[in-house]
């Protein structure tokens, strides 16, 4: 098996080969590191790589397999970590020039601790916009992350580095965060699976600057890999007081079962979104596939008005709080867009924030009622394909801020529901398109089951950016 073939194997297949002694964690780690050497200088997916440490972990893992004592469910799988999660021994700079790299880095975030416990081989940290504040990945510290399908376009964000890494074989698994779409958007733009679990399903410590909008979740090429990773990271951590109790379910087993009899709503535009025709047509075909698989699909809108103003009050106020300790001298070193929304957020009164929070509750209640009728909601993940790099919004866009072009994602950060993006096709110019699958709160297993059923029929996992194209 060639290095290239090994690098693009999903985690579940790697584990099968490890157990059969047909492949070693060292070989898989070497393949991922080779891909990093080949492609990272151009795409900027990683901001920190620990090749020596990864190979050392892989050798330890190899020895455990030889003894028949694998440590956990991800033993020997090369995995990357978004550079917002504390990782023992590595700097966590969050894409910011104001974070001092010369300080003790002696604690793991909750999700990183779970990955270590289950034997994952940690390769390095993936790029993020500063503090993960926007849906494209560029920062004053680490520069621009580009889309492997078209180097002139964005990978999305804020988990864009992780998405670019997985699609180029730089490790089959990555952990990201999603505060308004930051897992699902880059998963769509890069042609991956991305899951935002129910809020609290995956413990978050340290607490995100964006509070209860922010979820941690897996990104991978297959739904089965996302389910496997969720099994590992969805474990309580005493440092997150809002974490949910463990669910008595094996998510990897739960992906089986099909769609027969499910009641599914499909909304191509939520009743108010302007969707690119190619995106709309591709997602409509995907929705028809659910009907062909035995579900009852009805075209119906979820019945709410665009909650962008609710979202922006929460997001901008959180940014203001995050930047509160920093004076003007330090703010000059930061992303100007982040400073702008923080300045706007600092102008909200407590009553304005509480009013927005009440409207957020109303939205959550509405969606709870919606799911009394429908098990799942399907929509485009993003109404447009990936646009030019180095921009917060597409050229000529009518709004200045990123939430305006991703209206399908942030509503479900407000409501804290599980939502996944799964690849469903390509534009005529070869850019990936994503289908969003939304479930009721706590319905993570059903979302994964539906995504897996669709991906089984329409895998698309054999389509990836070619090395020749990257070298062009």
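The values are calculated or read from the model by the stated rules, or taken from the named source; none is laboratory data. Just so we're clear, the structure is a prediction, and the values are computed from it rather than from any experiment. In this analysis, Cβ positions are derived from the backbone assuming ideal geometry, glycine residues included, and neighbour counts consider all displayed protein chains.
Pairing residues of the stretch 168-180 that are without any contact (Cβ under 8 Å) to a residue 12 or more places away in the chain with residues that are part of a loop (DSSP other than H, G, I, E, B), at Cβ distances under 7 Å and at least 6 apart in sequence or on separate chains, gives no pairs at all. As for the stretch 307-315, it holds at least one residue that is assigned to a loop (DSSP other than H, G, I, E, B) and either surrounded by fewer than 18 Cβ atoms within 10 Å (Cβ to Cβ) or at pLDDT 95 or above (or both).
Out of all the residues in the stretch 36-56, which are more than 18 Å from residue 83 (Cα to Cα) and surrounded by fewer than 23 Cβ atoms within 10 Å (Cβ to Cβ)?
We begin by selecting, within the stretch 36-56, every residue more than 18 Å from residue 83 (Cα to Cα); these are 37-39, 42, 52, 55-56.
Hits for the stretch 36-56 are 37, 38, 42, 52, 55, 56.
Residue 352 meets each of the listed conditions (1) assigned to a loop (DSSP other than H, G, I, E, B); (2) surrounded by fewer than 20 Cβ atoms within 10 Å (Cβ to Cβ) apart from (1).
Looking only at residues of the stretch 78-94 that are touching a residue at least 60 places away in the same chain (Cβ under 8 Å) and either out of contact with any helix residue (DSSP H, G or I) (no Cβ under 8 Å at 6 or more places or on another chain) or not in a strand (DSSP E or B) (or both), we find that the one that is nearest to residue 168 (Cα to Cα) is 83.
If only one of 228, 192 is touching a residue at least 60 places away in the same chain (Cβ under 8 Å), farther than 23 Å from residue 410 by Cβ, buried (at least 21 other Cβ atoms within 10 Å of the Cβ) and touching a strand residue (DSSP E or B) at 6+ places or on another chain (Cβ under 9 Å), which one is it? Spell out how you get there, then give the answer.
Values: 192 fails: farther than 23 Å from residue 410 by Cβ.
Only one candidate passes the filter, namely 228.
Hey, could you check the stretch 52-77 for residues that are part of a helix (DSSP H, G or I) and either touching a strand residue (DSSP E or B) at 6+ places or on another chain (Cβ under 8 Å) or modelled with pLDDT under 95 (or both) and say which is nearest to residue 189 (Cα to Cα)? It comes out as 54.
In this structure, is residue 402 surrounded by fewer than 20 Cβ atoms within 10 Å (Cβ to Cβ) and farther than 29 Å from residue 4 by Cβ? Spell out how you get there, then give the answer.
Working: surrounded by fewer than 20 Cβ atoms within 10 Å (Cβ to Cβ): no; farther than 29 Å from residue 4 by Cβ: yes.
Answer is no for this residue.
In a residue-by-residue description of the stretch 124-131, the property of being closer than 26 Å to residue 184 by Cα, at pLDDT 95 or above and surrounded by fewer than 22 Cβ atoms within 10 Å (Cβ to Cβ) applies to no position. Regarding residue 210, is this residue crowded, with 20+ Cβ neighbours inside 10 Å, over 30 Å from residue 39 (Cα atoms) and touching a residue at least 24 places away in the same chain (Cβ under 8 Å)? The answer is yes for residue 210.
Is it true that some residue in the stretch 331-348 is touching a helix residue (DSSP H, G or I) at 6+ places or on another chain (Cβ under 7 Å), touching a residue at least 12 places away in the same chain (Cβ under 8 Å), under 24 Å from residue 144 (Cα atoms) and outside any helix (DSSP H, G or I)?
Taking the stretch 331-348 first, the residues touching a helix residue (DSSP H, G or I) at 6+ places or on another chain (Cβ under 7 Å) are 331, 334-335, 338-339, 341-342, 344-346, 348.
Next cut, touching a residue at least 12 places away in the same chain (Cβ under 8 Å) only: 334-335, 338-339, 341-342, 344-346, 348.
If we keep only those that are under 24 Å from residue 144 (Cα atoms) as well, we get 334-335, 338-339, 341-342.
Adding the requirement that they be outside any helix (DSSP H, G or I) leaves 334-335.
Looking through the stretch 331-348, at least one residue is touching a helix residue (DSSP H, G or I) at 6+ places or on another chain (Cβ under 7 Å), touching a residue at least 12 places away in the same chain (Cβ under 8 Å), under 24 Å from residue 144 (Cα atoms) and outside any helix (DSSP H, G or I).
Of the residues making up the stretch 339-349, those that are surrounded by 14 or more Cβ atoms within 10 Å (Cβ to Cβ) and farther than 18 Å from residue 400 by Cα are 346, 348. Considering only the stretch 247-268, I want to know if a residue exists there that is out of contact with any strand residue (DSSP E or B) (no Cβ under 8 Å at 6 or more places or on another chain), without any contact (Cβ under 8 Å) to a residue 60 or more places away in the chain and under 24 Å from residue 369 (Cα atoms). Taking every residue of the stretch 247-268 in turn, at least one turns out to be out of contact with any strand residue (DSSP E or B) (no Cβ under 8 Å at 6 or more places or on another chain), without any contact (Cβ under 8 Å) to a residue 60 or more places away in the chain and under 24 Å from residue 369 (Cα atoms). What do you reckon, is residue 279 closer than 25 Å to residue 457 by Cβ and assigned to a helix (DSSP H, G or I)? Yes.
Got at least one residue in the stretch 285-292 being under 24 Å from residue 366 (Cα atoms), out of contact with any helix residue (DSSP H, G or I) (no Cβ under 8 Å at 6 or more places or on another chain) and either part of a helix (DSSP H, G or I) or at pLDDT 95 or above (or both)? For the stretch 285-292, residues under 24 Å from residue 366 (Cα atoms), out of contact with any helix residue (DSSP H, G or I) (no Cβ under 8 Å at 6 or more places or on another chain) and either part of a helix (DSSP H, G or I) or at pLDDT 95 or above (or both): present. So which residues in the stretch 95-126 are touching a helix residue (DSSP H, G or I) at 6+ places or on another chain (Cβ under 7 Å), more than 17 Å from residue 204 (Cα to Cα) and not in a loop (DSSP other than H, G, I, E, B)? Within the stretch 95-126, 121, 122, 123, 126 qualify.
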